[in-house]
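Just so it is clear, none of the values below were taken in a lab; they were calculated from the coordinates. Note that the coordinates shown come from a computational prediction; the quantities given were computed from them, not determined experimentally. No Cβ is skipped: glycine too gets one built from the backbone with ideal geometry, and neighbour counts run over all protein chains shown.
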Ligand code: DSN
């Protein structure tokens, strides 16, 4: 945190100031492998901590319900224009508070309660809001879910086509939260067209890769593209919807006044800054390095006898089945956390264990790549992971590795962290 800001908080609220500083140090000293997290730049942090948080702006640029929008309108318009240019879309709405509200707005724009939505099942790698049963999207709508093949753990497009022909969904989702392979947007587009469904591509995890050309873009085939802004895109926590011109009005109305009140202008400014950063040559290099790092980490884990779902990765994400290592995902994740390596336990396809103590762990390389780590560091991380997973109760080993992790992290300063 900027020293002046740190002092301001400490003067008013020393308890919160201390917690923020501790979290900053934790982020500085650990290898953060949560696939959906990153380090934003100092510029993005500063924009999100700005006076823009003081302003209400229900509506859209040029059409607001409160006065005093001279600068807010310009901020939001810049953000919209940068999103349109970066992703090559007709229309962008950066107001959704995060990914789940963004997806909910898509339902509100195009579906009535009881209509059919088709999405990837959560345990196969989808997202709650793609129609999973515990989500509002699985209880207010009729949901049909596709999964992955038992033999390859990949989406079977023939099965998706068959299900879509049978169920005739009004809305189809592709994308998810634990998909280590390239998503075949073209095939989803063909199927949606054939059955007369709207297609929403949820690129939350891969938005930065799509922006940089490190993953194919769904823009030419999807009616709507939904995303969060804080994962590979490396912006502040937020959401965004992008669509073809025909759907712009429906999407805007669904976000406001349909679902939300005033946009979070400080977040919009942070997204605008992140989009500017994402349009640079440096970001392109960064996004390709995320993938190179994930591939290097995957190869090193395989060499050490880890079982990877689909055998490897095409993107930023690796899903590991720890069954062959005789340790559950939760026990491994906690032992790794004690060793300074942070990731999340995760179900694997056809998991026989429960979601709160599943068989797998999920790993991602966006944050470590933001620190400048490359293939050599990925091999070191795999070695540490192997040691910890082989000795999940050895507290002395975990403390020793946590010290080594701190030494490595000190050589790779994290963006936005000043302590
Ligand atoms: N919570 C996000 C993730 O970790 O993938 C998805 O919303």
* Taking Cα pairs under 8 Å and at least six residues apart, what relative contact order does the stretch 212-316 come out at, in percent? -> 27 percent
* Asked: Taking the chain as a Gaussian network, where each spring joins two C-alpha atoms under 10 Å apart, which residue of 152, 313, 53 fluctuates the most?
  -> 152
* To do: Tell me what the chain gives for mean residue ellipticity at 222 nm when only DSSP H runs of n ≥ 4 count, each as -39,500 (n - 2.57), the sum divided by the residue total, rounded to 500 deg cm²/dmol.
  => -13500 deg cm²/dmol
* Under Stokes-Einstein, with the Kirkwood radius over Cα pairs standing in for Rh, what whole-number D in µm²/s applies to the stretch 191-251 at 37 °C and 0.692 mPa s? -> 270 µm²/s
* Asked: Where both partners of a DSSP beta bridge lie in the chain, what percent of those bridges are antiparallel, to the nearest 5?
  -> 55 percent
* **Rh by Kirkwood over Cα pairs, then Stokes-Einstein D for the stretch 264-356 at 1.002 mPa s and 20 °C, µm²/s** => 136 µm²/s
* Inter-label distance for residue 81 and residue 66, nm, one decimal - labels placed 7 Å from Cα along Cα-to-Cβ -> 2.5 nm
* **Percent RCO, i.e. relative contact order, over the stretch 79-232, from Cα pairs under 8 Å lying at least 6 residues apart** => 20 percent
* Structure fact -> If 143, 390 are placed from fewest to most neighbouring beta carbons inside 10 Å, the sequence is 390, 143
* Roughly speaking, what is the centre-to-centre gap between the stretch 200-251 and the stretch 277-324 when only Cα atoms are used, to the nearest Å? -> 21 Å
* Structure fact -> If the chain between residue 190 and residue 21 were fully extended at 0.36 nm per residue, the gain over the current Cα-Cα distance would be 55.8 nm
* **Orientation-averaged projected area, Cα convex hull of the stretch 86-194 (nm²)** => 7.5 nm²
* Structure fact -> Among the Cα-Cα pairs of the stretch 321-383, the proportion with separation greater than 14 Å, in percent, is 60 percent
* Asked: Each label point is 7 Å from the Cα along the Cα-to-Cβ direction; what then is the distance between the points at residue 142 and residue 90, in nm?
  -> 2.9 nm
* Length gain on complete extension for the stretch residue 284 to residue 43, per 0.36 nm per residue less the alpha carbon to alpha carbon distance? -> 84.9 nm
* Can you give the relative contact order of the chain as a percent, counting alpha carbon pairs under 8 Å and 6+ residues apart? -> 23 percent
* Asked: Taking 0.36 nm per intervening residue step and subtracting the Cα-Cα distance, what contour gain separates residue 56 from residue 115 on full extension?
  -> 17.8 nm
* Determine the equivalent ellipsoid of the stretch 292-419 by diagonalising the alpha-carbon gyration tensor, then write out the semi-axes as square roots of 5 times the eigenvalues, largest first, rounded to whole Å. => 23, 17, 13
* Using only alpha carbon positions, build the gyration tensor of the chain, then give the equivalent ellipsoid semi-axes as the square roots of 5 times its eigenvalues, largest first, whole angstrom. => 33, 30, 18
* **Stokes-Einstein diffusion coefficient of the stretch 344-411, Kirkwood radius over Cα pairs, 20 °C, 1.002 mPa s, in µm²/s** => 155 µm²/s
* Between the stretch 130-152 and the stretch 373-419, how many Å separate their Cα centres? -> 36 Å
* Structure fact -> Per the stretch 1-110, sqrt(5λ) over the Cα gyration tensor eigenvalues, sorted largest first, in Å, gives 31, 21, 14
